[in-house]
1. Only helical DSSP H runs with n ≥ 4 go in: add -39500 (n - 2.57) per run for the chain, normalise by residue count and round the 222 nm mean residue ellipticity to 500 deg cm²/dmol.
2. Keeping all protein chains in position, work out how much accessible area R388 exposes to a 1.4 Å probe, and write it in Å² to the nearest 10.
3. On the protein heavy atoms, probe 1.4 angstrom, tell me the percent of accessible surface of the chain carried by carbon and sulfur.
4. Just to be sure I understand the model, the point goes 7 Å from the Cα along the line to the Cβ. What's the resulting N334 to T410 distance in nm?
5. For a quick size check, give me the Cα extents of segment 355-423 along its three principal axes, largest first, whole Å.
6. Over the chain, what lengths in whole Å, largest first, do the semi-axes of the equivalent ellipsoid take, defined as the square roots of 5 times the eigenvalues of the alpha-carbon gyration tensor?
7. Might you tell me the accessible area per residue for segment 238-360, computed with a 1.4 Å probe and given in Å²?
8. Distance in nm between label sites at R374 and A417, each 7 Å beyond Cα in the beta-carbon direction?
Amino acid sequence: MAPQKAGLGRRGFLKATGLGALGTLAAGGVIQAVGTASAATTTLALAATDGYVVVPGRENDPLYIFGFIPVSPTATVDALVQQYKGHAQTSAPTLDFRQNDDIKITLTNLGLVQRPDLTDSHTIHWHGFDIPSPLNDGVPEVSVAVPISRQLTYFYRPHREGTYMYHCHFEDVEHVQMGMTGIVFVRPLQDGTPIGGFSHFAYNDGDGSTGYDRHFAILLNEYWSNFHDGDRDIQESIATDYEPQWFTLNGRCYPQTLLPNDDPTLPATLRIATPNANYDDAPDYSLPNSALVQVNPGDRVLLRLANLGYQQHAMQLPGLPMHVIGQDASLLRNGAVDTSYWTNTLYIGPGEARDVLFDAPAYAATRPSGSDSRGSYNVYYFKNRDWRRLSSLGAPGPSGMMTEVRVYQTPLPPQTAVSQTYV
């Protein structure tokens, strides 16, 4: 941290550098809707710790992870340690902000249960955000990292709409692979104003061309057992040997991707329970985010995609052409020149984001279909083109980086949150 200026007291210094919002967090339930698109100021809190996730083929030997957990913004550090330490989640909560709103996010470092000898700090780095001061950027060398049992409140006012991602930037090669990753998106000022038959938009387009009816945030990633098992067992991993065995959407492998967003009110058959070795194998629900896409016939659908793995992926949606309208939080339009494009294979590299529109077709009884509590639906697969990334180590059948787009015969309720799932 930079030294204080002469004559400037500690409180004044903290205010001047954006740290004046430092405070305590307090006991409470997990926040389901972490962000908001309507308030002038959004205040939320995340905690960092370790835990486990179950993956296909290793149901009885879950992977060790680090992760962010949504917590109450008013609890004490001691209360958070008691309730959440050792219960990490991945992927992290999807954060929903509005352009030009003030954002205050408090990060608490709870420490690690499995590795008490590992005294890593943590940060939140906002990948691609325009940050006026490096102090809030989460890069330890030029800002502030959060030690164990300490807190830091980040402040932002996002001026550029689009889809981004966030991750820990302390020992970032390790911590990103271990699971400290999530999507954050910024709604445009145009959002909420009817234009061209839509009231929700990916960008300030002026003509409604980026309008949508429903939107879904999907984070691409991979798991490499060497990092996860090595960190658990105090063994060194050589990053250049990287060869992942699991390929994930929102932290899940197919068919886990089809289960709804985790909720304690759901029946056990719709939840992903991970035995936590540090708590006598008591179940953790550490994979909270669904990758299921549920839509009505005729819906214009926005996919907010980001890749925080270390490999490029080629994603396809057979039968439904994809219109790429945004790249790395930038509208693909240069003045009057439209640089968006249509594709049947979307290439997305590490650290990249894409905003993709597609139109849901009419329901057809002759197409492959299924049914659930919401009625009958047609099935389209959003999947990796590489068949090797549609499998998981030791698991039978299709797995890996795949989910379903379900087009329902009976209309779904209006969507009130990104990636909302109906059960």
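1. Computed ellipticity for the chain at 222 nm equals -2000 deg cm²/dmol.
2. Accessible area, nearest 10 Å²: 150 Å².
3. Details: 8830 of 17050 Å².
That fraction is 52 percent.
4. The modelled label-to-label distance comes out at 5.0 nm.
5. 38, 30, 22
6. Taking √(5λ) for each eigenvalue gives 33, 28, 20 Å, largest first.
7. Values: 4860 Å² over 123 residues.
Dividing the accessible area of segment 238-360 by its residue count gives 40 Å².
8. The two pseudo-label positions are separated by 1.5 nm.
The values are calculated or read from the model by the stated rules, or taken from the named source; none is laboratory data. These figures come from a predicted structure and were not determined experimentally. Counting neighbours? That spans all protein chains shown, and the Cβs are built from the backbone with ideal geometry, glycine included. Calculation scope for accessible area: heavy atoms of the full protein, side chains included, ligands and nucleic acids excluded. Shrake-Rupley method; radii C 1.70, N 1.55, O 1.52, S 1.80 Å.
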